[in-house]
Amino acid sequence: MRINGLGAARVEATEEWYKIGRDQLAPRDGFYDLRITGELWETYYYDSLRLMAIDHPAGTEIFTDERFAVPAVKLAVTAVRNTTTDCPTAR
């Protein structure tokens, strides 16, 4: 598959991570109800899905790299200090 002149998607580009923020996920009747939908033109095929909870220090925010890039990006979780609460000039 070729995307916007980036080149062909390689086999190692078959794993993705998505961030679900704390305000986007809440239990319903004691359970989490996640629904995966295909909003783009692709057909999605899943071998497995996992939910990972990340505990992090107060004042930090968690991010994942959700880019589609050739070659594929290394999947990792990044913790970033919230500069709007720590820096008076950022307010």
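The values are calculated or read from the model by the stated rules, or taken from the named source; none is laboratory data. None of these values were measured; they are calculated from a predicted model. Ideal geometry is used to build each Cβ from the backbone, glycine not excepted, and the neighbour counts take in all protein chains shown. To get the accessible areas, we keep the full protein, side chains included, count just its heavy atoms, and leave off ligands, DNA and RNA. Shrake-Rupley method; radii C 1.70, N 1.55, O 1.52, S 1.80 Å.
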Under-5 Å amide H pairs with Val77, H placed in peptide plane, nonlocal only: none
For the range 18-24, Karplus couplings with θ = phi - 60° (6.51, -1.76, 1.60), whole Hz, Gly/Pro x: 10, 8, 10, x, 4, 7, 9
Protection-proxy order for peptides 57-68, 18-29, each taking the mean of Cβ atoms within 10 Å per residue, highest first: 57-68, 18-29
Under the Karplus curve 6.51 cos²θ - 1.76 cosθ + 1.60, θ = phi - 60°, whole-Hz ³J(HN,Hα) for the range 39-47, x wherever Gly or Pro sits: 8, 9, 7, 6, 9, 9, 10, 10, 8
For Tyr32, solvent-accessible area (1.4 Å; no DNA, RNA or ligand), Å²: 130 Å²
